[in-house]
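Bear in mind these aren't lab numbers, they're just calculated from the coordinates by the rules spelled out. These figures come from a predicted structure and were not determined experimentally. Glycine gets a Cβ as well: all are built from the backbone with ideal geometry, and neighbour counts include every protein chain shown.
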Amino acid sequence: MNNLKPFDIGEIDESLTRVIHHGGATYLMFPYISALEAAPQFHSISVTIKGAAATVEDFARLTAALKKAAVGDAEWLISFSTPWLIPAAELQNLRTRGSLRKRQ
């Protein structure tokens, strides 16, 4: 995990999300890796949208859901183009080891 950088979820855009049509509904989905358990797992957070493309308001609702997911002792980081949700204790370990890079 040497490539992790701080990530502002207010900066999410089309490159980090997917629009999925399933079961008659359309979703704006944000896939990420959750490191909150003993082993990292793939997860996603999504919001239902109207139409075939996400609007600014849809991204705002998704951002609010991402903030809610990180409430407590977790923070969002990014490695290349993959978002991670990391516990604060692990984040402190990364900072102590110097593994956490500053966003460029």
Using alpha-carbon coordinates, inclination of helix 88-97 to the longest axis of the chain, degrees
50 degrees
Sorted by chain and then number, the residues having a modelled amide H within less than 5 Å of the amide H of GLU75, at least 5 places away or on another chain, are ILE86, ALA88
Step through the residues of the stretch 51-63 one at a time and calculate ³J(HN,Hα) from phi using the Karplus curve (6.51 cos²θ - 1.76 cosθ + 1.60, θ = phi - 60°), rounding each to whole Hz and writing x for Gly and Pro.
x, 8, 9, 7, 9, 4, 5, 4, 5, 5, 5, 5, 4
Could you size up the charge dipole of the stretch 1-69 around its Cα centre, putting +1 on the beta carbon of Lys and Arg and -1 on that of Asp and Glu, and report it in debye to the nearest 20?
160 debye
Here are a few candidate values for Cα extents along the principal axes in Å: [x] 48, 33, 25; [y] 36, 27, 26; [z] 47, 29, 21. Which one was actually calculated from the structure I just gave you?
[z]
